Structures are given as C-alpha cells and as structure tokens.
Amino acid sequence: MNQPGLFLEFRNSLKNPIAEELADLFLFRPAAFLFVKLLYPLPITPNQVSFFAMIAGIASGILFAGGDRLHFCLGAIFYGIANNLDCCDGMIARLKKNGTMTGRIVDGCTDYIIGIAVYGGFAIGLQKAVQSYGLHLPLNSWLLMILAAISFGAHAVLSDKFRNAFLIQTKQTDGSQENEFDKFKTELARLEERRGHLFDKILIRIYLRYMQLQSGLLKKNKIPVASKQPQRLNATMVVLWNLIGPSTHVLFLIISAWFYNPTIFFLFVIGLANLWMIVLFSIFQFHRSHF
C-alpha cells in the first residue's frame, strides 16, 4: 500500500521524465531519493545540500589526484555521492516547495566547481598513474582531458538547449532570457526592501551581470518553437540528446575510475558521444529545413 505513495512522491520530485537523462531517471535520482527521504524531515535547506555536494565533489577531485587504483575507486564513490546530492537539492526544493531564486544560482555554481575539481583532479591522477603506476593511455593524459572537457562542454550545451526547448514548448517553463532576467531583477528589488540577505543580493547582482553579458549569445542560439512538428521532433530529440548529457558523462567517468580504466571514459566522451552529437545535429538541421 505504501508503494504507490512512494512512487508518486518520487515522481513529484522529478521534472518531466522525458527531460531527464536515463542515467538520472534509473540510477542517480532513485538513489538520490533515498537521501531525500533521510533529509526531508530535517531542517536542511536545498542550498545546504548543494554545499555538501560541492564538498563531496572537491573531495572526489582530491582523491582522483592520488593516481593509484584505491584513490580512483574512492574518488568514484565520492563523485557518485556528489552527483546524488546534486540531484537532492532540486528534489527537496520541489517536494518542500521551498526553492529560491538564489538556490538556482547556487546549484549552477556548484556544478561548475564540482566539474573543475573532478576534471582537474582526474587529469593530475592520470599523469601520476602513467608515470608511477604503469597505466597506459593512447595519448598524453592532459591532451585527453582537454579534448574530453571540450567535448563534454559541447554535449552539455546542446543537450541542455534541446531539453529547455522541450520544456518551453510543453509550457513547463518560460525559458526566455528576458523573462528570466526580469524574474531575478524583481527578486533583487524585493530583497533590497528588506534587511539582511546580503549574500543573496550579491549573488543575484553578479548573476544579472552575467546574464547581460550572455544575452547576445543566447539570442543567436534560440531553437524555433513555432510549429507542432518541431515540438514533436524536440520531444524525441531531447531523449536522444540526453543519452550524451552531463549525468551520462558522470556515469562513464565513475565506471572508468572504479575499474581503473580511463580509456572507457575517453572512448565514450571523445569518440562515441561526439559521433552521436554529429548525427543528432545533422538530423535536427534536416528537419529544421524541411518542416
């Protein structure tokens, strides 16, 4: 009798399932839901969960930098914890309905910090592994990490672009840059009328400036959402793009670190995922020009 209630609670903690990566939907978010059930009764805010995720991510990068098999295994565990906690903050915010505008900024900053720590630590660890522990790589470790980072950035931007287009078309979010800017500007004006909240005010000011600098680029990269055919196409495309989304990269890095075989990660990110990206982008351009 409890299962339907638990399933509904889990479902309510998610975004649209189509907009979720398979790695998230079937692995990271179910595992994160266990954390959510433990944390939900406690007076812990989503921002505090984001902070713990950041600490776990930094710890993962430090462990990866050790370079040997044990450090890679421990780094994989902490990276998994960091990713689960990173899922938790949004899930808790949706269930408790206590998400904030600054929480969205904190969550984004946390992702950047974790990514820099993990990728930097992994690169240092790979160099040590090659020099001191006999690990073989097809190319220079730093070159491989640079190529992987560039590839990951392209995959993340494009998968996020199609996911946001789908959410806009299904009216689950208003992703326009102007609307987003106005929301944060209104929130800043509201906070300015109140005492305290210095951190929130500073964070929103910085983010508003960032949005101003990025607005020109974002306008050039909008996906048209006018007709029903692109909407159906985007619903399909977002699922296909999610196969090379950020959480899938996390999963492959964790697997490769656990088995002390980084080649698995590089074959996916630099090889298979880039090929998949080219195919999907070609399909999108074809449909865009014919419908």
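The values are calculated or read from the model by the stated rules, or taken from the named source; none is laboratory data. What you see is a predicted model, and the numbers here were worked out from it, not measured in a lab. Positions of Cβ are backbone-derived with ideal geometry, glycine not excepted, and every protein chain shown enters the neighbour counts.
Miscellaneous remarks
- Within the range 47-86, the set of residues being within 17 Å of the chain's Cα centre (by Cα) and either β-branched (Val, Ile, Thr) or not in a helix (DSSP H, G or I) (or both) comprises Val49, Ile55, Ile58, Ile81.
- Pairs with Cβ under 6 Å, 6+ apart, first in the range 8-37 and among the acidic types (Asp, Glu), second at pLDDT 85 or above: Glu21/Asn242; Glu21/Gly245; Glu21/Ser247; Glu21/Thr248; Asp24/Ser247
- With respect to the conditions (1) within 28 Å of Met237 (Cβ to Cβ); (2) of a type outside the set (Asp, Glu); (3) at pLDDT 80 or above, Gly121 lacks only one, and its number is (1).
- Every residue from the range 36-46 that is in a helix (DSSP H, G or I) and surrounded by fewer than 19 Cβ atoms within 10 Å (Cβ to Cβ): Lys37, Leu38
- Search result, residues across the range 64-87 that are touching a His at 6+ places or on another chain (Cβ under 9 Å) and either surrounded by 24 or more Cβ atoms within 10 Å (Cβ to Cβ) or at pLDDT below 95 (or both): Phe64
- Wholly enclosed helices (runs of 4 or more DSSP H) of the range 209-291 bearing at least 3 residues at pLDDT below 85 and touching a Phe, Trp or Tyr at 6+ places or on another chain (Cβ under 7 Å): 228-241
- Number of the exception - Asn16 against (1) exposed (fewer than 15 other Cβ atoms within 10 Å of the Cβ); (2) at pLDDT 80 or above: (2)
- Any hit, the range 163-175, residues being in a loop (DSSP other than H, G, I, E, B), more than 20 Å from Asp111 (Cα to Cα) and modelled with pLDDT of 65 or more: yes
- Thr110 being more than 17 Å from Leu253 (Cα to Cα), under 13 Å from the mean Cα position of the chain (by Cα) and buried (at least 18 other Cβ atoms within 10 Å of the Cβ): yes
- If the condition is being part of a loop (DSSP other than H, G, I, E, B) and farther than 19 Å from Gly271 by Cα, then the range 123-142 contributes Tyr133, Gly134, Leu135.
- Selection count, the range 121-145, where residues are surrounded by fewer than 17 Cβ atoms within 10 Å (Cβ to Cβ) and out of contact with any Pro (no Cβ under 9 Å at 6 or more places or on another chain): 11
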